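First up is the structure itself, then whatever we jot down about it.
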Amino acid sequence: MRRSVTLIASVFALLAGNAIAQDLSGTYVMPSQNATLTLVLRQTAQGNLSGTLSSTTGVQFQVDGMIHDGVGVGTCMSKQGGSYFEAHPEGERLLLALIEPGPNNAPDYSKVRKLLFVRQAVA
């Protein structure tokens, strides 16, 4: 009986964890002195991510990834190259870490640029 209660409690905890996982879908903006960055993310029910990262200067990147332990991970690519990313939700803010690839094309965590975006209200 104790094993059944523990199993049921574990299943409810797992389901509750999935239910409260934040959906990263939305439009996020980061204004700066020289340009405004806009990040548009779409998250599927399966946890896949797609979207764009663009700047008012005309630069645009394609975002492709997935949700892993509540964090978006993947690549951010343009025709000129790209980087890896991690998207950490913080309520209405999103911390986007852009990680340059190292010599073996794996993420080089010593070369990280952190950008703080704010989710835009849906009209």
Can you find a residue that is aliphatic (A, V, I, L, M) and open to solvent by 100 Å² or more (accessible area, probe 1.4 Å) anywhere in region 100-120?
no
Please go through region 56-110 and give me each residue that is within 18 Å of R42 (Cα to Cα), acidic (D, E), part of a strand (DSSP E or B) and more than 9 Å from the chain's Cα centre (by Cα), ordered by number.
D64, E90
Leading residue by the ranking (nearest to L49 (Cα to Cα)) among those in region 78-99 that are exposed (fewer than 15 other Cβ atoms within 10 Å of the Cβ) and of a type outside the set (S, T, N, Q)
L95
Would you check which residues across region 33-53 are open to solvent by 30 Å² or more (accessible area, probe 1.4 Å), closer than 17 Å to R119 by Cα and of a type in the set (G, A, S) and list them?
S50
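The values are calculated or read from the model by the stated rules, or taken from the named source; none is laboratory data. Predicted model, so just to flag it, every value in this text is computed and none were measured. Every residue, glycine among them, receives a Cβ derived from its backbone with ideal geometry; neighbour counts consider all protein chains shown. Calculation scope for accessible area: heavy atoms of the full protein, side chains included, ligands and nucleic acids excluded. Shrake-Rupley method; radii C 1.70, N 1.55, O 1.52, S 1.80 Å.
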